[in-house]
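> I have a structure here, written as structure tokens, and I will follow up with some questions on it.
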Amino acid sequence: TCTLPLVINTWNFNNATNKAWTVLKQTGTTAMDALVAGCTECERQQCDGTVGFGGSPDESGETTLDAMVMDGRTSDVGAVGDLRQVKNVIGVARAVMEFTQHTILVGKSATKFAVEMGFTSESLATNRSVGIYKDWKNNSCQPNYRENVSPDPKKYCGPYKPDKKYFKIQNSRRDKLIGRKNHDTIGMLVVDSDHNIVGGTSTNGANHKVPGRVGDSPIVGAGAYARNNVGGAAATGDGDIMMRFLPSFHAVMLLEMGYTVEEAASRSLKPIIKYYPDFTGAVIVANVNGSYGAACHGLSNGFPYSVRTSDMKEATIITVPCI
Ligand code: SD4
């Protein structure tokens, strides 16, 4: 258990952790301010190319964004999926929470809402995202989400042609084709000195997704979950699989039942592993007293996450081996 406050987030995104920490330490700020500032930093810096603009182009070459925020004090949530042409997706998620009675907005209508709320509409494409898209289109050895799986990656190597026959290829397992580089997300938990907890996520989802695809990150209980007096969790990995099991909600329920943070993290992945033994993903867990931990599956080098507490001068990366 650390001395509160606590900032913890997925992967080695120390800049996001430190940004959240700095905001949390200013007077008059809340845990939500810190969380949104930390994740916004990642969006700006395009952490790992998988958060923010210019990453994970879909089948048509467009980058779309997913994010959510949850306030453990009130259970208020704001989320946005398949957001187009707005960079600060976690800011839009917060606006959904604070300025509407809804929980999730999607697609072009979410863009319209964002613009009405004062966010700038601009292209999310970069030379990098255009390059990823062109490489894939011309020589599609990457996962093709229409194929619903090829056990043999070579079989469907490009050039990519959208074709109705792709819908007919069934009964094999797509997730074998999805490597870590195709999937990262910032998921963050902040616990303030009064034991209030907030959670959130921000991502550009999965490379070459079918347009309209929304991942786990903006889904409450899948991407993140937070409950005061208990704790919170946030997930990263193959969202198409993970969202079927609500791992973040599951982990928080396990905390409530009395499991430790480590146990809650690993147990929340168990049902996923049972049905999808090849799935890749991880979950971070914290309780409101400052204990934290993580678990992962399918990452050969383990799962790095970043944490900062009052006992640390800087954000620190901790790597857990996978179960
Ligand atoms: C998604 N879960 O959209 C996200 C991607 C991710 O680590 O977290 N990858 O499926």
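The values are calculated or read from the model by the stated rules, or taken from the named source; none is laboratory data. Because the structure is predicted, anything quoted here is derived from the model rather than measured. All Cβ positions, even for glycine, are placed from backbone atoms using ideal geometry, and neighbour counts span all protein chains on display.
> Just for strands (runs of 3 or more DSSP E) wholly inside region 206-323: which have at least 2 residues that are surrounded by fewer than 20 Cβ atoms within 10 Å (Cβ to Cβ)? So that I can check it myself, show each step before the final result.
On the way: elements: 224-227, 231-237, 281-287, 292-297, 303-309, 316-320.
Here the list reads 303-309, 316-320.
> While we're on this one: Look at region 41-75 and say how many of its residues are modelled with pLDDT of 95 or more, touching a strand residue (DSSP E or B) at 6+ places or on another chain (Cβ under 7 Å) and not in a loop (DSSP other than H, G, I, E, B).
Of the residues in region 41-75, 10 are modelled with pLDDT of 95 or more, touching a strand residue (DSSP E or B) at 6+ places or on another chain (Cβ under 7 Å) and not in a loop (DSSP other than H, G, I, E, B).
> Pairs under 8 Å by beta carbon, first residue touching a residue at least 60 places away in the same chain (Cβ under 8 Å) and farther than 12 Å from GLY239 by Cβ in region 199-210, partner of a type in the set (Asp, Glu) and within 12 Å of the ligand (Cβ to nearest atom), six or more apart or different chains?
SER202/ASP66; HIS208/ASP58; VAL210/ASP58
Residue-by-condition table, conditions (1) closer than 23 Å to GLY232 by Cα; (2) small (Gly, Ala, Ser):
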{"residue": "THR50", "(1), (2)": "yes, no"}
{"residue": "GLY78", "(1), (2)": "yes, yes"}
{"residue": "ILE104", "(1), (2)": "yes, no"}
{"residue": "ALA114", "(1), (2)": "no, yes"}
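> Consider LYS209 against the criteria (1) out of contact with any Asp or Glu (no Cβ under 7 Å at 6 or more places or on another chain); (2) near the ligand (Cβ under 9 Å from one of its atoms): it satisfies all of them except one. Which criterion is unmet?
(1)
> A further question on this structure: Cβ-Cβ distance below 7 Å, separation of 6 or more or different chains: which pairs start in region 216-244 with a residue that is under 13 Å from MET68 (Cβ atoms) and end on one that is assigned to a helix (DSSP H, G or I) and within 7 Å of the ligand (Cβ to nearest atom)?
Cβ pairs passing all conditions: ASP216/GLY239; ASP216/MET242; SER217/GLY239; ALA222/MET242; ALA235/MET242.
> Any residue at all in region 136-158 that is assigned to a helix (DSSP H, G or I), more than 12 Å from the ligand (Cβ to nearest atom), at pLDDT 60 or above and surrounded by fewer than 14 Cβ atoms within 10 Å (Cβ to Cβ)?
yes
> Another one. Could you grab me the full set of residues in region 238-268 that are closer than 18 Å to PHE303 by Cα, within 16 Å of the ligand (Cβ to nearest atom) and among the basic types (Lys, Arg)?
Hits for region 238-268: nothing passes.
> Pairs please, first residue from region 311-323 and within 20 Å of GLY298 (Cβ to Cβ) and in contact (Cβ under 8 Å) with a residue 40 or more places away in the chain, second anywhere and among the hydroxyl-bearing types (Ser, Thr, Tyr) and surrounded by 13 or more Cβ atoms within 10 Å (Cβ to Cβ), Cβ atoms under 6 Å, 6+ apart in sequence or on different chains.
Here the result reads ILE317/SER306; ILE323/SER266, each pair linking region 311-323 to a residue that is among the hydroxyl-bearing types (Ser, Thr, Tyr) and surrounded by 13 or more Cβ atoms within 10 Å (Cβ to Cβ).
Rundown of residues vs (1) of a type in the set (A, V, I, L, M, F, W, C); (2) under 8 Å from the mean Cα position of the chain (by Cα), yes/no style:
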residue	(1), (2)
ILE186	yes, yes
ASP192	no, no
LYS209	no, no
ARG213	no, no
GLY223	no, yes
ALA226	yes, no
ALA233	yes, no
PRO247	no, no
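> Please count how many residues of region 168-201 are at pLDDT 85 or above, near the ligand (Cβ under 10 Å from one of its atoms) and not β-branched (Val, Ile, Thr).
1
Residues checked against (1) in contact with a Phe, Trp or Tyr (Cβ under 8 Å, 6 or more places away or on another chain); (2) away from the ligand (no atom under 16 Å from the Cβ); (3) within 23 Å of ASN228 (Cβ to Cβ):
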residue: ARG44; (1), (2), (3): no, yes, no
residue: ARG73; (1), (2), (3): no, yes, yes
residue: VAL92; (1), (2), (3): yes, yes, no
residue: PHE99; (1), (2), (3): no, yes, yes
residue: ILE104; (1), (2), (3): no, no, yes
residue: THR120; (1), (2), (3): no, yes, no
